[in-house]
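The values are calculated or read from the model by the stated rules, or taken from the named source; none is laboratory data. Only a predicted model underlies this, so the values are computations on that prediction, with no experimental measurement involved. Cβ placement follows ideal geometry from the backbone for every residue including glycine, while neighbour counts extend to all protein chains displayed.
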Amino acid sequence: MKSEIISKIIELGGTFVKGNSLLENIKGIEFNHPLYPHESWGEELYGVDEFYDNHKSLYRKNKDEFYNNLISHFFSNHELPYGQSFFRKRLFTPLTKGTKDYEEWIDIFEDNEMTDLDEIKKVVGIEKLEFMEIIYSYGFPDGYYVCLSDPNKDNPTVFGTDHEVYFQEITNEGTLEDFLNQFYTKEEFIDLVQNYIENEKTDK
């Protein structure tokens with residue numbers, strides 16, 4: 001795994017244990033909290049007004065404690081709909097004989113009208129297409145995958161697809177390094193929220 005990716009994982013609050021393959025390296029990534037993407041959070045700060053309303057007395061009494069509690073809340077292990085993303089490690093093998101995914105999905109993946117893997121094949125070729133879902137989210141697309149046969153094991157390409165058009169419409173989201181760079185660190189997150197509350201929020 002590329003050193004810059006490992007550094008970004010740690011910067012985002014995760015941990016990493018090095019393995020001997022792309023599969024093992026992905027399995028070695030851990031996050032115990034959600035991730036917040038720049039794109040959606042640059043437009044709307046989901047849940048911040050509600051948190052402020054529920055803790056405004058603390059804000060007026062002790063701002064430092066208020067912001068510490070805010071970070072603890074938003075970066076806890078929850079699935080409240082705040083427009084965030086969740087790291088996961090779900091192996092998906094719809095084209096590998098003998099697997100449960102194959103039994104469930106092969107008819108769909110062999111139907112060219114139901115799936116279109118051209119975007120993936122342009123990057124990784126056609127050999128042994130097995131996937132690891134690394135992110136699911138409340139956005140669109142809502143699932144992000146790497147292909148385990150990606151020739152760039154240190155910095156694989158991330159592909160996005162949505163449950164409404166599952167592997168029928170696929171987007172190339174760039175390298176894993178670029179993909180992880182779209183998420184806020186805790187420090188960036190608190191700066192964003194603090195600027196909003198201190199300088200933009202009008203109903204304090």
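Only residues that are among the acidic types (Asp, Glu), free of Cβ contacts under 8 Å to residues at least 60 places away in the same chain and surrounded by 14 or more Cβ atoms within 10 Å (Cβ to Cβ) were counted across the range 118-168, and they come to 5.
What do you reckon, is Ile134 at negative phi, touching a helix residue (DSSP H, G or I) at 6+ places or on another chain (Cβ under 9 Å) and among the aliphatic types (A, V, I, L, M)?
Details: at negative phi: yes; touching a helix residue (DSSP H, G or I) at 6+ places or on another chain (Cβ under 9 Å): yes; among the aliphatic types (A, V, I, L, M): yes.
Yes; evaluated as a whole, the condition is true for this residue.
The number of residues in the range 72-98 being among the small types (Gly, Ala, Ser), in a loop (DSSP other than H, G, I, E, B) and at pLDDT 95 or above comes to 1.
Each row is one residue, and each column tells you yes or no for (1) under 30 Å from Glu44 (Cα atoms); (2) in contact with a strand residue (DSSP E or B) (Cβ under 8 Å, 6 or more places away or on another chain); (3) surrounded by 12 or more Cβ atoms within 10 Å (Cβ to Cβ).
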residue	(1), (2), (3)
Tyr67	yes, no, yes
Ser72	yes, no, no
Leu80	yes, no, yes
Phe87	yes, yes, yes
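Of these, Phe31, Phe86, Phe51, Phe75, which one is in contact with a helix residue (DSSP H, G or I) (Cβ under 7 Å, 6 or more places away or on another chain) and closer than 17 Å to Ser137 by Cβ? The match here is Phe75. None of Asp107, Asp101 is surrounded by fewer than 16 Cβ atoms within 10 Å (Cβ to Cβ), within 24 Å of Glu169 (Cβ to Cβ) and free of Cβ contacts under 8 Å to residues at least 24 places away in the same chain except Asp107.
Working only within the range 3-40, note down all residues that are basic (Lys, Arg) and surrounded by fewer than 16 Cβ atoms within 10 Å (Cβ to Cβ). Correct list: Lys18, Lys27.
Considering only residues in the range 60-71 that are without any contact (Cβ under 8 Å) to a residue 12 or more places away in the chain and in a helix (DSSP H, G or I), the one that is nearest to Phe140 (Cα to Cα) turns out to be Asn68. One residue stands out among those in the range 169-197 that are charged (D, E, K, R) and free of Cβ contacts under 8 Å to residues at least 60 places away in the same chain: the one that is surrounded by the fewest Cβ atoms within 10 Å (Cβ to Cβ), which is Glu187.
Taking the criterion of being of a type in the set (Val, Ile, Thr) and under 21 Å from Glu4 (Cβ atoms), the residues of the range 132-180 that qualify are Ile134, Ile135, Val146, Thr157, Val158, Thr175.
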